[in-house]
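The values are calculated or read from the model by the stated rules, or taken from the named source; none is laboratory data. Computed from a prediction, not measured in an experiment: that's the story for all the values here. Cβ sites come from the backbone with ideal geometry, for glycine too, and all protein chains shown count toward neighbours. Just so you know, the surface numbers come from the protein's heavy atoms only, side chains and all, with ligands and any DNA or RNA stripped out. Shrake-Rupley method; radii C 1.70, N 1.55, O 1.52, S 1.80 Å.
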Amino acid sequence: MDSTPANLKSSLSVPSVQELASQRPERVPARYIRDQDGDDIIATYPFDPSLHVPFIDMAKLVNADTQQHELQKLHLACKDWGVFQLINHGIPSTSLRNMGNQVQRFFELPLQEKKRWAQRSGSLEGYGQAFVTSADQKLDWNDMIFLKCLPIQNRKSDLWPQNPPEFRETLEIYSEDIREVTISLVKFITMSLGLQDTQISESFREGLYEIRMNCYPPCPEPERVLGIVPHADNSGITLLLDCADFPGLQFLKDKKWVNVEPIEGAIVANIGQIIEVMSNGIYKAPEHRAVVNKLKGRFSIVTFCYPSPHMAIGPSDKLIGEGNAAIFKKLTHAEYFSKFFNRDLDELFIDSLRV
């Protein structure tokens with residue numbers, strides 16, 4: 001039987017990085033090493049500690065007196081960075097804290113217990129790793145559990161952990177909270193583009209919300225591995241809750257890597273390729289990656305937010321014409337995802353969407 005999936009909708013089973021790290025090896029196994037054999041993607045761009053990801057205050061976007069100034073900040077953040085830290089977003093701190101605690105408790109379970117919710121053949125959902133398509137592929141230094149959360153009918157409840165006991169209920173509440181923030185945030189993003197079209201933001205009410213929970217264990221040679229390789233997201237927008245007290249997420253800005261400093265209560269928001277397409281390239285989906293730590297483990301909770309499957313994916317009509325040519329094709333939801341899942345991993349997905 002061929003061990004290579006026909007597309008990227010499934011992933012091969014690989015050893016748990018957490019289990020490997022628990023054995024306290026002095027060296028990293030060769031399959032995780034990224035700084036040799038022509039695969040030196042770690043040092044491709046330098047790290048710049050002087051740059052800082054911008055902040056956007058949702059309370060100022062909602063307030064009529066401060067809205068215009070904050071919209072201008074949002075426009076520049078989306079245009080120049082593609083990422084920002086969102087504060088005063090309205091999600092209760094208890095929801096954020098509970099979600100972080102449940103994810104940590106899940107990853108602290110014994111391996112055999114976590115494997116009760118392991119990925120199955122033909123699917124990325126469940127506990128494991130994503131996009132492993134060959135037996136000799138380099139691996140990321142992380143374990144994950146990936147679950148489709150909204151709409152409810154998309155859930156595969158048999159893959160939702162029943163241990164820890166409050167995991168399911170906490171994830172349900174968290175995904176609903178994230179949906180409300182997403183609808184509001186996308187409304188302001190469209191306004192910052194000069195559009196009064198609420199159809200885009202409302203499409204996220206019936207949209208898809210998929211959550212990837214990551215565990216990055218301590219690593220004996222952190223400078224030789226990556227927690228997640230550089231990539232841009234295929235979502236509309238991505239909202240990330242960082243559960244660490246040290247940076248591990250980095251974004252590429254002007255060919256330099258920039259740390260995202262974890263701020264308690266903040267959510268990291270980055271533009272996905274659907275909004276890059278809808279904005280006709282005015283806003284860019286930024287490249288980002290995760291690095292790891294020698295002494296500490298890190299958890300993150302990443303929500304990929306997509307518009308309704310009934311929403312066409314293409315440049316907004318009001319952003320093209322009068323000398324502004326469309327630089328991206330108009331696709332159905334199905335066509336967009338077919339292109340994503342049936343591509344070569346080395347191919348830049350955004351390039352396949354260009355006119």
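Per-structure values
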| quantity | calculated |
| --- | --- |
| Top-ranked residue of region 113-159 - restricted to ones that are under 26 Å from residue 33 (Cβ atoms) and among the aliphatic types (A, V, I, L, M), ranked as most open to solvent (accessible area, probe 1.4 Å) | 135 |
| The one condition in (1) open to solvent by 40 Å² or more (accessible area, probe 1.4 Å); (2) under 26 Å from residue 282 (Cβ atoms); (3) not in a loop (DSSP other than H, G, I, E, B) that residue 205 fails to fulfil | (3) |
| Any hit, region 216-236, residues being under 24 Å from residue 119 (Cβ atoms), basic (Lys, Arg) and at pLDDT 95 or above | no |
| Any hit, region 70-86, residues being open to solvent by less than 70 Å² (accessible area, probe 1.4 Å), in contact with a Leu (Cβ under 8 Å, 6 or more places away or on another chain) and outside any helix (DSSP H, G or I) | yes |
| Residue among 76, 147 that is of a type in the set (A, V, I, L, M, F, W, C), at negative phi and in contact with a strand residue (DSSP E or B) (Cβ under 8 Å, 6 or more places away or on another chain) | 147 |
| Qualifying position, being small (Gly, Ala, Ser) and more than 19 Å from the chain's Cα centre (by Cα), among 272, 297, 248, 321 | 321 |
| Residue 276 vs. criteria assigned to a helix (DSSP H, G or I) and touching a helix residue (DSSP H, G or I) at 6+ places or on another chain (Cβ under 9 Å) | yes |
| Residue list for region 233-250, filter: assigned to a loop (DSSP other than H, G, I, E, B) and either open to solvent by less than 30 Å² (accessible area, probe 1.4 Å) or under 18 Å from residue 42 (Cβ atoms) (or both) | 233, 234, 235, 236, 244, 246, 247, 248 |
| Residue check for residue 20: open to solvent by less than 80 Å² (accessible area, probe 1.4 Å) and at pLDDT 95 or above | yes |
| Among residues of region 53-68, those that are open to solvent by 40 Å² or more (accessible area, probe 1.4 Å) and either within 23 Å of residue 253 (Cα to Cα) or not in a helix (DSSP H, G or I) (or both), counted | 5 |
| Single unsatisfied condition, residue 351 versus (1) closer than 27 Å to residue 241 by Cα; (2) charged (D, E, K, R); (3) over 19 Å from the mean Cα position of the chain (by Cα) | (1) |
| Matching residues, region 87-112, being out of contact with any Gly (no Cβ under 8 Å at 6 or more places or on another chain) and open to solvent by 50 Å² or more (accessible area, probe 1.4 Å) | 88, 90, 92, 94, 97, 98, 101, 104, 105, 108, 110, 112 |
| Index of the failed condition, residue 18 passing every other in (1) within 19 Å of residue 263 (Cβ to Cβ); (2) among the polar types (S, T, N, Q); (3) in contact with a Cys (Cβ under 7 Å, 6 or more places away or on another chain) | (1) |
| Residue list for region 302-355, restricted to those being open to solvent by 80 Å² or more (accessible area, probe 1.4 Å), acidic (Asp, Glu) and either in contact with a His (Cβ under 7 Å, 6 or more places away or on another chain) or in a loop (DSSP other than H, G, I, E, B) (or both) | 322, 344, 346 |
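Residue by residue, here is whether (1) aliphatic (A, V, I, L, M); (2) assigned to a strand (DSSP E or B) holds:
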residue: 179; (1), (2): no, no
residue: 185; (1), (2): yes, no
residue: 196; (1), (2): no, no
residue: 211; (1), (2): yes, yes
residue: 230; (1), (2): no, yes
residue: 252; (1), (2): yes, yes
residue: 264; (1), (2): no, no
residue: 282; (1), (2): yes, no
